[in-house]
1. Kindly evaluate residue B:41 against the criterion of being under 22 Å from residue B:259 (Cβ atoms) and either hydroxyl-bearing (Ser, Thr, Tyr) or modelled with pLDDT under 90 (or both).
2. When you check residue B:43 against the structure, is it more than 25 Å from the chain's Cα centre (by Cα) and not in a helix (DSSP H, G or I), yes or no?
3. Of the residues A:23, A:63, which is away from every other protein chain (no Cβ under 14 Å) and on the phi > 0 side of the Ramachandran plot?
4. Return the residues of segment A:66-98 that are out of contact with any helix residue (DSSP H, G or I) (no Cβ under 6 Å at 6 or more places or on another chain), in a loop (DSSP other than H, G, I, E, B) and farther than 20 Å from residue A:188 by Cβ; say none if nothing qualifies.
5. If you check B:164, B:132, B:158, B:145, which single one turns out to be in the same structural domain as residue B:215 (by TED's automatic domain parsing) and closer than 30 Å to residue A:98 by Cα?
6. As an exercise: evaluate residue A:135 against (1) of a type in the set (Val, Ile, Thr); (2) closer than 26 Å to residue A:75 by Cβ; (3) within 13 Å of chain B (Cβ to nearest Cβ) and give the number of the one condition it does not meet.
7. Which members of segment A:283-339 meet the condition of being of a type in the set (Asp, Glu), out of contact with any strand residue (DSSP E or B) (no Cβ under 6 Å at 6 or more places or on another chain) and either in a strand (DSSP E or B) or not assigned by TED's automatic domain parsing to the domain that holds residue A:266 (or both)?
Amino acid sequence: MADIVLEHVRKCYGDHEAVCDLNLEIRDQEFFVILGESGAGKTTTLKMIAGIEPVTSGAILLNGQPIQNLTPEERDCAMVFETYALYPHLSVYENIAFPLRAPKRRTTDDQIDQAVLRVARILGMDTFLDRRPATLSGGQRQRVALGRALVRQPAVFLMDEPLSHLDARLRNEMRTEIKAMRESFGSTIVYVTHDYSEALALGDRIAIMHRGRVEQVGTPSQVFRRPQNRLVAETLGDPPMNFLSGTISLDQDRSVFTNGSWRIPLPASPRLRRCVGKEVCLGLRPQHIRLERARPDTPFWLPSKLFVQELLGDHAVASVAVGDYLFMALCEADQAYSLDEPLYLAWAPEHMYLFLEDTGEILLAEGD
Amino acid sequence: MMTSRLFRRILKALGLGAYFTFALGPIVWIAMMSLKNSNDVIASPPKFVFTPTLENYKAITVGLDAHDVETARPDYPKYFLNTLIIASATVAVSLLLGTFAAYSLARFSFRFKEDIAFTFLSFRFAPELMVILPLYVVFQKTGLIDSFTGLTAAYQLITLPFLIWVLRGFFEDIPREIEQAARVDGYTWWGVFRRISLPLVKPGIAAVVILSFIFAWNNFIFAMILGGERTQTVTLGILGFIGYERVLWGHMAAATMICVIPELILAFFVQNYIVRGLTFGAVKG
């Protein structure tokens, strides 16, 4: 049982504000992911929950009790570090047993033995128990780090990019394993990552952080389909969303997106009508773009020229030049275009996003 | 190709040979001297072929002369024991104080931290002679002259700064996250220090213990000025063989050889530890 509340939490390093006015509510038994680029303050947030970094101001509540002034050992957290932080002078067995050997836990050797073996079996590490961390591969070290957290039943699991140092195949494997192991955690999990696909795959809810601020909190489909601003939309998706700047104008009583001679009709909405004359940018996800040789019979297209086409196995990414902009589009692997070939970049109207240019605030989301 | 490789190997052998002669030559010479009888030792030109004898060793340890006749009880064993006591006590005190000082300097931030660290270091580059006169006055007034406590305290000037600076580096090399992980795992500051930090700097401790011991063992000036008959050390004892009417070269050489033994034993046992890199593999490698 553990819910965590962060209230107006700030963290400064000298003049630099690493985390500014952070408010988060993490529910009991939730898999909560904090997503953001490096330097966004994700790890700092996690370390403040763990008690490794003191908060500059604000409160952290665990089950309603303020814990921001407790030392790390007084809080009931287990943490998996990005660097694993294994104890190099101890065997795998002793590394996993270490939390249980803490004097305050008063665990007998028999209980420790049982707990370590149980965890080692879950992680498939039972044949490596005598080894030192230095002799293990990256994936094995990662498992030991997980095991050290799993061996006790803490109120909260904190995971700081546990998969970021693994190679792509192992990362996907471990991601599946973490997802499958959720029941064995049986606690609230706060998981930090910079990989949006990891966040979408694992999280019950995701908080997107940028420069010490939370931009949006929501379920994976909420943040992916209905981002609150351009930043969130940019963070989620690979290749990232394409943007085209322009203005909203009125054409025969309908709002229209205009860039030079390009005019794209927008759905009728009172909100968009209020923004007539404002600088905006149009967002399109690469997977929603079709490249066509014949001119589409809808008004939702832009003229483009093929710039580069990269084959990625079962599909390809085409970079096309739209005026001065470079757009990325997903296309079929066997669809070969020639360089500089004129193409119609088309999309379905329901897949359009529209953001305010200055604040990044969303005006139109998918399905609106 | 072949010739240049051969040339380099010859050059390497020559260089190493020169170094070995330079480093080991004096020791071999002393070892030979210690095994010569009183006539061979002063022979000119020096003799390289001679009948080895243990008479010098016998004379300074158990007090038997060349004809196994008992002479006055030699002082050398007492000097040896004195040095052993002083050097061991010095290292023990330094280790106790220095480990904590080094850890604090490596991990905690406090006011004037770097100034304090620098002050420690400055004891090392100030010549011993600079402090010896004031120390002499202080020791005389407080009655610490010619006492084991006094010499152990004075020797801290040699060993403590060195120990602090070396161990500080070792503590700083421990990734902070390892200690943080241990805190999160439920250990207090003291628990982390004892269970994680200290074991991880074991190679560093082994290295500084042996080097501090050697520094203390070999010290001459403090022992000469602040010591006395009661606390005479081997370094001074060896000097004592230069008598008024003659120099007992053979005894001196034997005393020197015996004096080297503890250092050799220590170095032999801890050389495995003097390998850094125990922390390898702790953090993603």
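1. yes
2. Considered against the rule, which asks whether it is more than 25 Å from the chain's Cα centre (by Cα) and not in a helix (DSSP H, G or I), residue B:43 comes out as yes.
3. Among A:23, A:63, only A:63 is away from every other protein chain (no Cβ under 14 Å) and on the phi > 0 side of the Ramachandran plot.
4. Passing the criteria: A:69, A:71, A:90, A:91.
5. Numbers: B:132 fails: closer than 30 Å to residue A:98 by Cα; B:158 fails: closer than 30 Å to residue A:98 by Cα; B:145 fails: closer than 30 Å to residue A:98 by Cα.
Within the list B:164, B:132, B:158, B:145, the selection yields B:164.
6. That leaves (2) as the condition not met.
7. Residue satisfying the conditions is A:332 alone.
Per-residue answers, yes or no, for (1) β-branched (Val, Ile, Thr); (2) touching a helix residue (DSSP H, G or I) at 6+ places or on another chain (Cβ under 6 Å); (3) free of Cβ contacts under 8 Å to residues at least 60 places away in the same chain; (4) within 23 Å of residue A:3 (Cα to Cα):
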| site | (1), (2), (3), (4) |
| --- | --- |
| A:197 | no, no, yes, no |
| A:212 | no, no, no, yes |
| A:237 | no, no, yes, no |
| A:241 | no, yes, no, no |
| A:244 | no, no, no, no |
| A:249 | no, no, yes, no |
| A:270 | no, no, yes, no |
| A:278 | no, no, no, no |
| A:287 | no, no, yes, no |
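The values are calculated or read from the model by the stated rules, or taken from the named source; none is laboratory data. Fair warning: this is a prediction, and the values are worked out from it, not measured in the lab. Cβ sites come from the backbone with ideal geometry, for glycine too, and all protein chains shown count toward neighbours.
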